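The values are calculated or read from the model by the stated rules, or taken from the named source; none is laboratory data. Please read these numbers as outputs of a predicted model, since none were measured by experiment. Cβ coordinates were reconstructed from backbone atoms using ideal geometry, including for glycine residues, and neighbour counts include every protein chain displayed. The accessibility values were calculated without ligands, DNA or RNA, using every heavy atom of the protein model including side chains. Shrake-Rupley method; radii C 1.70, N 1.55, O 1.52, S 1.80 Å.
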Amino acid sequence: RNMAAHLSYGRVNLNILREAARKELREFLDKCAGSKAIVWDEYLTGPFGLIAQYSLLKEHEVEKMFTLKSGRLPSADVKNIIFFVRPRLELMDIIAENIFSEDKMHSSRDFHVLFVPRRSMLCEQRLKDQGVLGSFINIDEYILDLIPYDGDLLSMEYESAFRECYLENDQTSLYHTAKGLMTLQALYGTIPQIYGKGDCARHVANMMLRMKREFAGSQNQILPVFDTLLLLDRNVDLLTPLATQLTYEGLIDEIYGITNGYVKLPPEKFAQKKQGEASKDLPTEPKKLQLNSAEELYAEIRDKNFNAVGAALSKKAKIISAAFEERHNAKTVGEIKQFVSQLPHMQAARSSLANHTSIAELIKDITTSEAFFDNLTVEQEFMTGVDTDKVNTYIEDCIAQKDPLIKILRLVCMQSVCNNGLKQKVFDYYKREILQTYGYEHILTLNNLEKAGLLKPQTSSRNNYPTIRKTLKLWMEDANEQNPNDISYVYSGYAPLSIRLTQVLARPGWRSIEEVLKMLPGPHFEERQQLPAGLHKKRQQGENRTTLVFFLGGVTYAEIAALRFLSQMEDSGMEYIIATTKLINGTTWIKSLMDRPESQTS
């Protein structure tokens, strides 16, 4: 079965990007003649799995795979040892240790290092200082910036991008973004219009324009696939990721976490229990499922509000059992043959239905709980501007019963964002309560959240949030969850600010919201890129335009669902492809900003 067929169903064939990445990987592997073992930086294995399965590596004589760790390399009877690593200094020290503890018996082995996504002078200097730089035959880079996650979704899976940009003033991720966009344009044509909002967006656009000038000689002759690129800084909309996502896919991510397109679920829900079998034989390994649009049912329900999923599943169950009933009507050999030929597809549909029914039951246990309801009620009060300027009793209670710190931080940050900062005494009170309950080492985390603008004292008494909310219609009473007519269904009433900005840009344009744009951080801008003569798109009557929306600092599944909803709207005239530095939710995002003691940096 083609692993990547679903990448080519969409408006833009993202399989072209995957194929280009595979070709480069093959070419590198062929540079290292003979049998090979790959030593993996563990973080890379997930993203790489979306580009190449083990079979591709095997075709190019990769016989063993190991995880990079200190000490000795496991024994392997191979000619080449290739380190696949991110350019991080601490990883260079491990590589050096591996090479030094190498058995003299294997002195004929060749070492190679492949940096992903770029090689780094600092890392090569570190290898040199460690005295091992000369041991490498090939030092190369494998430029894997944007990885196709689905037919309309690209991610760099650059975990620390937001933290680097807003806490460490480090623009590496923005450079990778600009490079990734140049690669994309080399494959899909120059993007004629660039819009952006935010400091990082401005920075990426500047780098792209500079890179285009530097390559001025090599004109891109590909007919442009994208009409527009929209660059959006995550800090333009700090509110959305803090809110609990209420789409099916969003809730799976909130509760279980989706990593590189896979989710791990509690196994007992999926055990096929036979009659009279002892319960001790139930599986203990979590059940790992792949989630993408290649699965028909998932593509159908992933972006629905969770309250509409039950009905969709029962409808599907009726259709499937009716299809199986058809076998009684198959009388002639021809009819029986016809039925049998459809059987594999029907069985796949039935097992897909069973899986999603189980997942939906697991989620429903949580969403119908009192704790979930109370938390959501407070979120919605903040979003609608209720009592955002005083200490919230629900948050106080949660701290008193020592609820998970991340839950507390998400709520306190949300209150701060919806109030344009907290009154000093409210701010100090929360800070004191959190430190006394969870430990003083969290002072660093609180400072990080303040620096990122998520949890801060008020600087002026003017709160712009109500104006922004009203102008952009961020809160819609009575959002229709079953048959939505507006993007606010993804949070049952709250329309994600980031997606409202995208929607207004398409129609009637940002000029209509100048005032609001000025209230949000960072500049907004528009750039044009000259196309070579003859490459201007001649649009057919009624043909949709295509916009690539790039989220710098992360995007949530609920935002993706909202963009897909806009793409499917009859009269929107716009198709969206989504790109991001990282797929995030409130928990993973806050975690990335928590202070990690130096000893634990990995």
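In Å², what does the accessible area per residue of the chain work out to with a 1.4 Å probe?
Using a 1.4 Å probe on heavy atoms only, each residue of the chain averages 47 Å².
When only DSSP loop residues count, what trypsin sites (Lys or Arg not before Pro) in segment 56-92 have their Cβ near at most 14 other Cβ atoms within 10 Å? Working shown, then result.
Working: sites: K58, K64, K69, R72, K79, R88; in loops: K69, R72, K79, R88.
Here the trypsin sites (Lys or Arg not before Pro) that fit, given the DSSP loop and packing criteria, are K69, R72.
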Filtered hits (lysines, Cα-Cα < 17 Å from K197, offset >= 8 within chain) -> K518
Find the all-direction average of the projected area of the Cα convex hull for segment 453-586, expressing the result in square nanometres with one decimal place. 10.6 nm²
Amide H neighbours of R545 under 5 Å, counting only residues 5+ apart in sequence or on other chains, H built in-plane at 1.01 Å? M574, E575
Normalised by the number of residues in the chain, what is the relative contact order in percent for Cα pairs under 8 Å and 6+ residues apart? 18 percent
On a straight-distance basis, which lysines could pair with K58 in a cross-link, Cα separation under 19 angstrom, same-chain partners fewer than 8 positions away excluded? K23, K31, K36, K79
Roughly how many Å² of H345 are accessible to a 1.4 Å probe, to the nearest 10? 110 Å²
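Quickly rank 108-118, 139-149 as a protection proxy: mean count of other C-beta atoms within 10 Å, highest first.
Values: 108-118: 19.3, 139-149: 20.9.
Put in order of decreasing packing, that is 139-149, 108-118.
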Among [x] 50, 39, 21; [y] 40, 30, 24; [z] 37, 34, 29, the entry derived from the coordinates for semi-axes √(5λ) of the Cα gyration tensor in Å: [z]
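What number results when the radius of gyration of segment 127-212, computed over Cα atoms, is divided by 2.2 N^0.38 Å?
Working: Rg = 16.1 Å, N = 86, 2.2 N^0.38 = 12.0 Å.
Normalised Cα radius of gyration, segment 127-212: 1.34.
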3J(HN,Hα) from dihedral phi, segment 372-386, Karplus parametrisation 6.51/-1.76/1.60, rounded to Hz, x for glycine, proline: 5, 4, 4, 4, 5, 4, 5, 4, 5, 5, 4, 5, 8, x, 7
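Between their Cα atoms, which of K288/K315; K69/K451; K269/K331 are more than 28 Å away from each other? If you can, show how the numbers build up before the last one.
Working: K288/K315 26 Å; K69/K451 34 Å; K269/K331 38 Å.
Long pairs (Cα-Cα over 28 Å): K69/K451; K269/K331.
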Sort 383-395, 362-374 by the packing proxy (mean of other Cβ within 10 Å over each peptide's residues), most packed first. 383-395, 362-374
Which ³J(HN,Hα) values, rounded to whole Hz and listed in residue order, are derived for segment 497-513 from phi using the Karplus coefficients 6.51, -1.76 and 1.60 in 6.51 cos²θ - 1.76 cosθ + 1.60 with θ = phi - 60°, glycine and proline given as x? 3, 4, 7, 4, 4, 5, 5, 5, 4, 5, 6, x, x, 5, 4, 6, 10
Quick one: grab the alpha carbon gyration tensor of segment 474-537, order the square roots of its eigenvalues as a ≥ b ≥ c, and give me rounded if a/c is under 1.5, else prolate or oblate depending on whether a/b is larger than b/c. oblate
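Expressed as a whole percentage, what fraction of the accessible surface of the chain belongs to carbon and sulfur atoms when a 1.4 Å probe is rolled over the protein heavy atoms?
Values: 14380 of 28120 Å².
Of the solvent-accessible surface of the chain, carbon and sulfur hold 51 percent.
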For 293-302, 484-493, 567-576, ranked highest to lowest by mean beta-carbon neighbours within 10 Å, the order is 484-493, 293-302, 567-576
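Which trypsin sites (Lys or Arg not before Pro) from segment 470-547 combine a DSSP loop assignment with at most 14 other Cβ atoms within 10 Å? Write out the running numbers ahead of the final one.
Working: sites: K470, K473, R500, R511, K518, R528, K537, K538, R539, R545; in loops: K473, K537, K538, R539.
Listed in order of number, the matching sites are K473, K538, R539.
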Give me a comma-separated list of calculated 3J(HN,Hα) values for segment 305-311, in order, Karplus coefficients 6.51, -1.76, 1.60 applied at θ = phi - 60°, integers in Hz, x for any Gly or Pro. 4, 4, 5, 9, 6, x, 4
